[in-house]
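Accompanying notes for the structure given below.
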Amino acid sequence: MEPRVNFFGNPLAGKVLRHINSATRIASESGVPPATQELVKIRASQINGCGFCTDMHTKDAAAAGESLQRLNLVAAWREATVFTEAERAALELSEQGTRIADAAGGVTDEAWRTAAKHYDDDQLIALLSLIALINAYNRINVINRQPAGSYRPGQFG
């Protein structure tokens with residue numbers, strides 16, 4: 001599979017990505033645990049069918065010490081016993097926030113209340129931002145047919 005355009009080598013795309021990356025960096029400094037941030041990005045990427053982002057975030061998480069068991073269970077997090085209640089709340093928020101078009105009501109009040117039990121306002125804003133930003137990355141990569149598999153941990157950082 002070949003990408004439709006060389007998005008990572010295009011000057012205009014570079015400008016767009018710098019802004020998205022800047023927003024992502026700000027949100028990532030919020031106090032939400034880095035492991036939770038990666039889990040949220042992985043789950044949204046799985047839902048969106050973004051192989052490039054799934055590859056990137058699973059490899060980055062593994063390089064940061066995340067267990068293979070937990071990475072393998074992200075897609076089935078509801079049935080898995082390896083995630084904390086706070087991580088489960090973040091995964092639910094990520095899933096509902098990613099599936100907005102599938103649910104007329106968007107994110108449920110219950111999902112929001114559960115997340116708010118585990119995260120303060122700044123962390124909730126960071127989670128919302130990270131969910132929106134990973135969905136933007138997913139759409140860029142899926143529309144462009146960006147191939148997956150060759151990412152190296154830390155390649156873009």
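The values are calculated or read from the model by the stated rules, or taken from the named source; none is laboratory data. Everything quoted here is computed from the prediction, not taken from an experiment. In this analysis, Cβ positions are derived from the backbone assuming ideal geometry, glycine residues included, and neighbour counts consider all displayed protein chains.
May I ask you to list the residues in the range 19-57 that are within 16 Å of TYR151 (Cα to Cα), assigned to a helix (DSSP H, G or I) and of a type in the set (A, V, I, L, M, F, W, C)?
Within the range 19-57, ILE42, PHE52, CYS53, MET56 meet the criteria.
Hey, which of the helices (runs of 4 or more DSSP H) in the range 74-157, taking only ones fully inside, have at least 3 residues that are closer than 20 Å to HIS57 by Cα and touching a Gly at 6+ places or on another chain (Cβ under 9 Å)?
121-144
Among the residues of the range 118-142, write down those that are within 9 Å of the chain's Cα centre (by Cα), within 22 Å of GLU2 (Cα to Cα) and among the hydrophobic types (A, V, I, L, M, F, W, C).
The one that is within 9 Å of the chain's Cα centre (by Cα), within 22 Å of GLU2 (Cα to Cα) and among the hydrophobic types (A, V, I, L, M, F, W, C): ILE134.
Can you name every residue in the range 75-88 that is touching an Asp or Glu at 6+ places or on another chain (Cβ under 9 Å) and either crowded, with 16+ Cβ neighbours inside 10 Å or more than 19 Å from HIS118 (Cβ to Cβ) (or both)?
TRP77
Name every residue in the range 35-52 that is under 8 Å from the mean Cα position of the chain (by Cα) and of a type outside the set (A, V, I, L, M), in order of residue number.
GLN37, GLU38, LYS41, ARG43, SER45, listed by residue number.
How do the pairs read when you match residues in the range 52-70 that are farther than 14 Å from ILE134 by Cα and crowded, with 19+ Cβ neighbours inside 10 Å with residues anywhere that are basic (Lys, Arg) and modelled with pLDDT of 95 or more, using Cβ under 7 Å and keeping only pairs 6 or more apart or on different chains?
If the second residue must be basic (Lys, Arg) and modelled with pLDDT of 95 or more, no pairs are left.
Among the residues in the range 58-67, are any more than 28 Å from MET1 (Cβ to Cβ) and either hydroxyl-bearing (Ser, Thr, Tyr) or assigned to a helix (DSSP H, G or I) (or both)?
There is at least one residue in the range 58-67 that is more than 28 Å from MET1 (Cβ to Cβ) and either hydroxyl-bearing (Ser, Thr, Tyr) or assigned to a helix (DSSP H, G or I) (or both).
Please give the number of the condition ARG43 fails out of (1) crowded, with 19+ Cβ neighbours inside 10 Å; (2) in contact with a Gly (Cβ under 8 Å, 6 or more places away or on another chain).
Just one mismatch for ARG43, condition (2).
Looking only at residues that are of a type in the set (S, T, N, Q) and within 18 Å of LYS41 (Cα to Cα) in the range 98-139, which one is surrounded by the fewest Cβ atoms within 10 Å (Cβ to Cβ)?
In this case the residue turns out to be SER129.
Go through the residues of the range 136-147 one by one and say whether even a single one is among the hydrophobic types (A, V, I, L, M, F, W, C) and free of Cβ contacts under 8 Å to residues at least 24 places away in the same chain.
Looking through the range 136-147, none of the residues is among the hydrophobic types (A, V, I, L, M, F, W, C) and free of Cβ contacts under 8 Å to residues at least 24 places away in the same chain.
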